[in-house]
């Protein structure tokens, strides 16, 4: 029997905060600036004699995150210098927090949170590869300091040991990152676009044959998509387990590894530093802070919006819609607000569920294929749902009308009447169409009479098409069966 190995995952997530200016100077905080080295000044470029001034809005944003995850907001906090040399840090140190973070504790998804603290982001390195065919490699690196000094929140989780598989633990880590991204967006403190580097995930990973003893930890850096988070963690866990199985667990060393998206593998970057390597000490240029004096924490907690966990529970309780539909509205904040307005008009749970099906299946499908598609008015959409509920139009017609009103927001009833799309419940009129279809399709009729009764649906489709979607499908089936006896 194979030996069991226990994966342990800890996460460090950085998120750039949405503020008008940088963390310690008045330079513009603009993640969309394309020209390099535009939003810079003597402070964020670390010119001699310059002094930093803390951005109060950034501190407030981190407090909001702490309240949202039920963390403890520090009374006393301070900024520290994290000393290391790298070209993207002009000062030779990063202003961060060490002993006294703004937030301690908290919980989100499957993970307990250790701390949430505030620091400044680094500059952006731009690497250019040289001509490998040349005798001298002409590669070079450039640095864009627009990002240097941008407020950066870092959240660190407690390590969590899983009983299950590597896939389960990797998925759990990805779920945590997704949930944090949602909270940041709901709070309005960060756009958290991973593709822009506004949110970066780092995973601390280890495995052990003993549930109570942690294995050697490896950190995989700068994972910039949720899929990468899952794949990198799973790959690294599999790599570690394989080394354990062949008795080479000593080859697992504490190090920083990167993720190669093209090859779908992790690779060694450098030996992992410990906290003492950074020689932290309080920054003498920044004052100590008493947060409970500077902010009304109780009032900030009251101002928090409805968060994803509470919204999920309310949607399930109030609307009784599918879990998949709920997640669509949780992830698309504006669509969720629009859906709630529709539900307010429709009232009944049956109508609300019909509406949700059309929104999450049909509307989103139309929008995916047509960039001009926009949400219609809640009144017109509710009118469309009522037409379906009252059997005045078929489901097929409803989808066609939806395709029209997302381009030109008109009354569905008006469209239905103008195009003669009201569902035909006149048996005589429907029977005339059916007799025509039967006469035109003798082969299908013969197959049906030969015992393959499911082919009747082919005839039903032809009848509905002939009626421009207005024939009542249940009536069509009933009459067809009568005529084909």
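FYI, it's all coordinate maths here, none of it is from the lab. Quantities reported herein were computed from a predicted structural model and do not represent experimental measurements. Positions of Cβ are backbone-derived with ideal geometry, glycine not excepted, and every protein chain shown enters the neighbour counts.
Once C-alpha pairs closer than 8 Å and six or more residues apart are averaged by separation and normalised to the residue number of segment 308-418, the relative contact order reads 22 percent. To the nearest ten degrees, helix 56-68 and the longest principal axis of the Cα atoms of the chain are 60 degrees apart. The orientation-averaged shadow of the Cα convex hull for segment 66-172, equal to a quarter of the hull surface, comes to 10.8 nm². For residue 429 paired with residue 481, estimate the spin-label separation in nm (one decimal), with each label point 7 Å from Cα along the Cα-to-Cβ line. Calculated label separation equals 2.4 nm.
What whole-number distance in Å separates the alpha-carbon centres of segment 81-126 and segment 8-27? Computed from Cα coordinates, the inter-centre distance equals 8 Å. Packing, taken as the mean count of other beta carbons within 10 Å per residue, orders the peptides 447-456, 8-17 from highest to lowest as 8-17, 447-456. What FRET efficiency would be calculated for the residue pair residue 391, residue 281, taking the C-beta separation as r and a Förster radius of 56 Å, to the nearest 0.05? The pair residue 391/residue 281 has a calculated efficiency of 0.15. The alpha carbons of segment 6-298 give a radius of gyration and a Dmax of 19.8, 66 Å, in that order.
Normalising the average separation of contacting C-alpha pairs (under 8 angstrom, six or more residues apart) by the number of residues puts the relative contact order of the chain at 14 percent. Altogether, the Stokes-Einstein calculation at 37 °C and 0.692 mPa s, with the Kirkwood radius of segment 292-403 over Cα pairs as Rh, returns a diffusion coefficient of 212 µm²/s.
Label-to-label distance, residue 370 versus residue 290, with points set 7 angstrom from Cα along the beta-carbon direction: 6.2 nm.
The alpha carbon radius of gyration of segment 427-483, expressed as a multiple of 2.2 N^0.38 Å, is 1.00.
Between residue 107 and residue 331, residue separation times 0.36 nm minus the direct Cα-Cα distance comes to 78.6 nm. Taking the longest Cα principal axis of the chain as reference, the axis of helix 378-389 is set at about 40 degrees. Semi-axes of the equivalent ellipsoid for segment 177-278, computed as √(5λ) from the eigenvalues of its C-alpha gyration tensor and ordered from largest down, come to 28, 15, 14 Å. If r is the Cβ-Cβ distance from residue 246 to residue 268 and R0 is 22 Å, what FRET efficiency results, to the nearest 0.05? E(calc), rounded to 0.05, equals 0.70. Site pair residue 441 and residue 88 shows an inter-label distance of 6.2 nm when each label is modelled 7 Å from Cα along Cα→Cβ.
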